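Peer 1: Just dropping this structure here.
Quick note: the coordinates plus some simple rules give every number you see, no bench work behind them. Worth saying up front: this structure is predicted, and the values here are computed from it rather than measured. Don't worry about glycine lacking a Cβ; one is built from the backbone with ideal geometry, like all the others, and counts go over all protein chains shown.
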C-alpha cells in the first residue's frame, strides 16, 4: 500500500515541479562544465535548458502561481508570488544573452554560470519557501488536481 501513496504524491503539483528543478539543475551542471571546457555540446545543452525552463515557467505561470496567489493569505505569501514571477522574467531576459555570447568562450562560460546561479536560486526559494507554504494553503486533493493540470499542460507544450 505505501507504493500507491507514493505514486499519488509523486503526481502532485509540488512533486512534479521539484522533478523539473532536478532535471534542470542536472542540465545546468553539464552546461556549465561544457562551457568551461569549450565543448561543442554546450549549445545543445543550452537549448535543452532553454526548452525545459520555458515549459516549466509556463506551467507555473499558467497554473501553479495563479492558484498560489489566489490562496495566499499573508503579505509574505503574496511577496513570494510576485518575486517568483519577477525571477522568471529575469531568466527570460538573461537566456538570450547567454545564447548570443556563444562566440566567445570566456564570455559564454561566465554567462552560463550566471544563468545557473539565477535558476538555482529561484528553484531553491520555491522549494524552501513557496512550496512549504503551498502545502499549507492547499489540501492534498487540490495539489493532486494542480498536478494533473500541470502534467496535461506539459504534454501539450511538449507536443508543440
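Peer 1: Against the longest principal axis of the chain, how steep is helix 105-125, in degrees 0 to 90 to the nearest 10, with axes from Cα atoms?
Peer 2: Once rounded, one gets 10 degrees.
Peer 1: Additional query: Round to the nearest 0.05 the FRET efficiency obtained for residue 99 and residue 74 when R0 = 35 Å and r is the Cβ-Cβ distance. Write down the numbers at each step before the final one.
Peer 2: Details: r = 38 Å, r/R0 = 1.10.
Efficiency, rounded to the nearest 0.05: 0.35.
Peer 1: Calculate the FRET efficiency for residue 110 and residue 149 from the Cβ-Cβ distance with a Förster distance of 35 Å, rounded to the nearest 0.05. Could you put the intermediate results ahead of the total?
Peer 2: Details: r = 38 Å, r/R0 = 1.08.
Calculated transfer efficiency: 0.40.
Peer 1: Counting each DSSP H run of 4 or more residues in the chain as -39500 (n - 2.57), what helix-only mean residue ellipticity at 222 nm follows after dividing by all residues, to the nearest 500 deg cm²/dmol? Please list the in-between numbers first.
Peer 2: Numbers: 8 runs with 134 residues, N = 160.
Helix-only estimate at 222 nm: -28000 deg cm²/dmol.
Peer 1: Next up: Need one number: convex hull volume per residue for the chain, Cα atoms only, in Å³. Before the final figure, lay out the partial values.
Peer 2: Values: hull volume 18.7 nm³, N = 160.
About 117 Å³ per residue, rounded to a whole number.
Peer 1: Further, regarding this structure: Give the angle, between 0 and 90 degrees and rounded to the nearest 10, that separates the Cα long axis of helix 140-159 from the longest principal axis of the Cα atoms of the chain.
Peer 2: The angle comes out near 40 degrees.
Peer 1: Let me ask something else. At a Förster distance of 22 Å, what's the computed FRET efficiency of residue 157 paired with residue 18, Cβ-Cβ distance as r, to 0.05? Show your work: numbers first, answer last.
Peer 2: On the way: r = 18 Å, r/R0 = 0.84.
Computed FRET efficiency for residue 157 and residue 18: 0.75.
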